[in-house]
1. Expressed as a whole percent, how much of the Cα-Cα distance distribution for the stretch A:2-62 exceeds 17 Å?
2. Average projected area of the Cα convex hull of the protein assembly as shown, in nm²?
3. Separation of the stretch B:113-142 and the stretch A:269-323 by C-alpha centroid, Å?
4. Can you list residues whose amide H is under 5 Å from B:K361's amide H, if they're 5+ apart or on another chain and H is modeled 1.01 Å from N?
5. Based on DSSP H runs of at least 4 residues, each adding -39500 (n - 2.57), what is the mean residue ellipticity at 222 nm of chain A after dividing by all its residues, to the nearest 500 deg cm²/dmol?
6. With the cut-off at 31 Å, tell me which of the pairs A:K278/B:K312; A:K131/B:K607; B:K266/B:K352; B:K720/B:K767 have Cα atoms farther apart than that.
7. Which order do the peptides A:171-182, A:196-207, A:255-266, A:17-28 take when ranked by the mean count of other beta-carbon atoms within 10 Å per residue, highest first?
8. Going toward the positive end of the dipole of the protein assembly as shown, with +1 on Lys and Arg Cβ and -1 on Asp and Glu Cβ, which of B:N598, B:A448, A:V286 do you reach last?
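Laboratory data are not the source of any read-out in this text; all were calculated from the coordinates shown. As the structure is a computational prediction, the values presented were derived from the model and not from experiment. Cβ sites come from the backbone with ideal geometry, for glycine too, and all protein chains shown count toward neighbours.
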Amino acid sequence: MEYMEQDKISELKKALNKLNAEYAKIRDIPSDKRGEFGRKLNQEKQNILDQIKASEDAKINQEVEPIDVTAFSANNEAMPEFYPADLGSKHPLMTELDQVIEIYQMMGFDVMESRQLDDEFHMFDSLNFVKEHPARDGYDTFRTEEGLIPPAHTSTMQHRVLKKYKHNLDEGKAISVVVPGRVFRNEDVDATHEHTFYQCEGVYVSKTCTMGDMLGILREFFEKYYGQKLNIRTQPGYFPFTEPSLEFMIEKPKTLGGKKGDYLEMLGCGMIHPNVLKMAGIDPTVYHGFAWGGGIDRLVMLKYGLGDVRFFESGNLNFLREF
Amino acid sequence: MKISLNWLKKYVNVTIPDNELIRLIGARLVEVEGVIDESHKYDNIYVVRVEKAEKIPDTHLTLCQINVGKPELIEVVCGAPNVHEGMLAAWIAPGAIVPASVHQDAPFVIGQRKMLGKYISNGMLAGADELDFSDKHDKIVEIDPEMAKPGDLLADVFDLNDLILEIENKSLTHRPDTFGIIGFAREVAGILGEKFNEPEFLTHEEVFPEGFLIKTTSGLESKDSKIDVEIVDAEICPRYTAAVLKIDDAMSQEKYLSKMQVLLAKSGMMTVSRIVDITNYIMLLTGQPLHAFDYDKFLNLTGGKAKIIIRKAKAGEKIILLDDKEIECNENDILITANDIPVALAGAMGGKNTEIDATTKHVLLESASFSLYNLRKTQMAHGIFSEAITRFTKGVPAGGTFNVLAEAIKEMRGKPLVLADKYPGLKKVDVVKIQPEEINGLLGTNYAEKRIIDTLRNVSFEVEKNDNTLTVIAPFWRTDIHIKEDVIEEIGRLLGYDNIPLTLPMHATAEKNPMFELKRRIRDCMDKHGANELLTYSFVSENLLNKAGQDATNSYRIINSISPELQYVRQSIVPSLLDKTYLNEKLPVEQFAIYEINKVYRKEWGKNDEGVPEERMSMGLVVAERKNTGTAFYKAKLYVEAILEQFGINVEYVVPKCLQAEAKPFEPQRAADIVLDGEKIGIVGEFKNTVKNEFKLAPFVAGFELDLDRVLEKVNYSKKIDFEEKKTEDLTITTSKSYSDALKEVQTKYPEAKISPVYIYQAEDQKDRNITFRLETKCK
């Protein structure tokens, strides 16, 4: 086998030499046809070079010995062992996400993971973004050739959540779901900005729920998460898919070195816009709901006092083995 | 946007401290990004009278004796051409800081200076630039003697001790009305529960002398002379109002420093000329941008024809704007034309050909509303970010153009010669019927009906009550009020979301998400076995795909990627890990197993029922060691087994074909398909030599890619506990068979035993191998 590839390579190299000699003939070609002549030669040359590369690659890859893949150790080698447990680490973002989800599950929320490639309908249309509305630009979305969108927020799952859990309402129960996931924004990376990050969305729908319930649930979550009583604050916000819309803040917890009067912006939230419910086949004159979404990366950065978000996706073991 | 608190307080009665006011604005209206404290910026700056002014020979300087409100005169040298006896000027006393330098790193402190060897200059007479009101350095400011007397503090005369709020514009994208101080103040009044006195000019109908205007089929126009306004498409321009004014000298020149100039400066705009300053001032007041054309230049372009046509630009049509730049329009841009000759890029900037200047005799004033969608694109296409277009892109309401124009005319102390108002985009007003219970029901509050009505009326909503239902009509500037929820927002926000009592609804029990449970268990298992979890980007480069032997055309391609490094959606996890393997081999890390669990996409998988691409949850792992020369394959396989074993999954390892994308980097002779019940669920193995070369990998490297969706289908978390005493014995057989075939043979012979591998020995010259098994059986 190996010899065959070697022979092939020798042949190809001979052909290449011959072709190189052809270039000399260009002098005899009328000047108006030289371009075409040269292009043709270049093309053939590239073709041969590609074949040589392929054969050389094949040759390199042939220089391997097959092994018994059904076995659990190699001949005359000891059985392999795991690396010591103290080298092991979990990614801090994933650990945090697990904790967040666990608290929401205790509070009665089902979990549905967000997609990482979605379409215009779920990302915008189903969320009451008017066509050409400036708000669409505000999300700095990536797009594929097909017009697909790596979602810029986990709200891209709201329509799916509403449709999937609509039966809860018919059974007299509420829809209560959280949606963790990876999201993407087309922005330059620096110490505080990443184009790739994690969010967790929450969706709640019932006949009787109120904004007071939303604020109550959110405070409950953060109190459980930080293990202390917290003061909260809000700010009016604007999202096309909620009305009214709010920014939600908590007083900086003691564990993070917070002082009275320091507030942290944690997430955006609001009462689900009737159009969003309607589009999912839920009658907004009977049911209403609320939704929220916030970043996970920030929670981790606050927790460990990290100053640079770029560590998360760096794959640097010096950093990761700290966790 | 900058908001002066002093200016704001002209329109709303504030009885609470400033810091509380700012907090409430932040909590109920808009994000306050910062507060600029100007409460000491003008300390020790006085109004003075120049009593004597003597030219210093052979210089441009003047020696002045100034009256600072005390018996003795003070000497100061001034270089400005306009200094003259009897004028009131602004004097920066020795020891005071030049206001324009207050926020600089090294503020400039004025002192006493000896000049030309014999003159003592105490402090300085200030120009508008030094006072931070202008960027022009040409003369000192002159103060109207009707406003002040020598010795007055400049700050008192012009209300300069102020706090300036820096507002995050993005948080008001849906509220064009708040981009003027009146609208902002109206909201603040609503929040404070203070009565708001709507300026009459905004709602008053008869602002011109009776008989000046007549109604036509398409709008209003002046009776005696007319300008023809043609709006080609009401979608791009719902309303266009224009007036022509005659300008006299008093109107074009401003002798004294005016409060208006000061307000412009505080709002972040510089003074230009009186006419332009007034248009800017009216914009800051009302949120309605205005534009002033030189009307004589306009008529010159049309050969005297008074016709304005508002239309979309033709692709490639050109216009030179006020900043001397020529732009090439696209079909989205809106043009104001003088009988079809472009004179302004609507909403963005005026044209050079009709610019007003010192010789302007007639002004054509425009007050209009344009499509925010078109202007949004215009803004991006031409990179114009003026105060005017910032407001237009929020959707300036068409309802106010006429009244605002009338106010501007009044401010200019002019009388319109001609006026026209075209309003083809008049829309029906939304009427919202809502019950107080609906409001309280959604907010979780218990607000009384009267409080709800008062709150709405105070921000100029019309509210009528019939039985239990409120009929609510928003004022024309609230283009964002259409449905019940919009009215509920008004109540919730103005009365304070922070005053809503917090409650917790009842909830049912949640279901576990099986995939999250699976991932959690895998991560626990990997952690226990010394592996490190990584997260890498979902997007990879074409180069990375090529290096891993994957076909880029099978990846969804991002058309607006940040860099070529992030252009393709990845097809599997392992190539991303190989990229990080090299990085970590450079670090002082001797050995590692890195893994990532994440979603992957491939074009070949097509779309699901929803019409979006199929996705899979994939796990990739790579082990690498800098020194070891052993067989890495078995290390990777050890980790596969660790995962599958705890889920009670038995798989077969089969020589792979390496056809699928995830298998491309693997070396077929040193890798195995992981097969579960006849279905391939992953691949484990070492990598092709070419792949190792491309990724610059150490010799000891192997990995696996596992389809977790398939694993989840077969997962079994139950565990058999078996603590009976057992005996073990080792058994070695000599065979030419593979390990698995040899194992089957032993299993047939010892069906009761639990069999595990111990060692495989092969002598150098032998074909057969000695395979040693450990057999565990129950003691009977």
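1. Values: 848 of 1830 pairs.
Beyond 17 Å sits 46 percent of the P(r) for the stretch A:2-62.
2. Details: hull surface 253.9 nm².
Over all viewing directions, the protein assembly as shown projects a mean Cα-hull area of 63.5 nm².
3. Each part reduced to its Cα centre gives a spacing of 56 Å.
4. Counting only residues 5 or more places away or on other chains, the set is B:D296.
5. Helix contribution divided over all residues of chain A: -11500 deg cm²/dmol.
6. Numbers: A:K278/B:K312 36 Å; A:K131/B:K607 25 Å; B:K266/B:K352 28 Å; B:K720/B:K767 40 Å.
Listed pairs above 31 Å: A:K278/B:K312; B:K720/B:K767.
7. On the way: A:171-182: 20.8, A:196-207: 22.3, A:255-266: 13.2, A:17-28: 10.6.
Top to bottom by mean Cβ count within 10 Å: A:196-207, A:171-182, A:255-266, A:17-28.
8. Result: B:N598.
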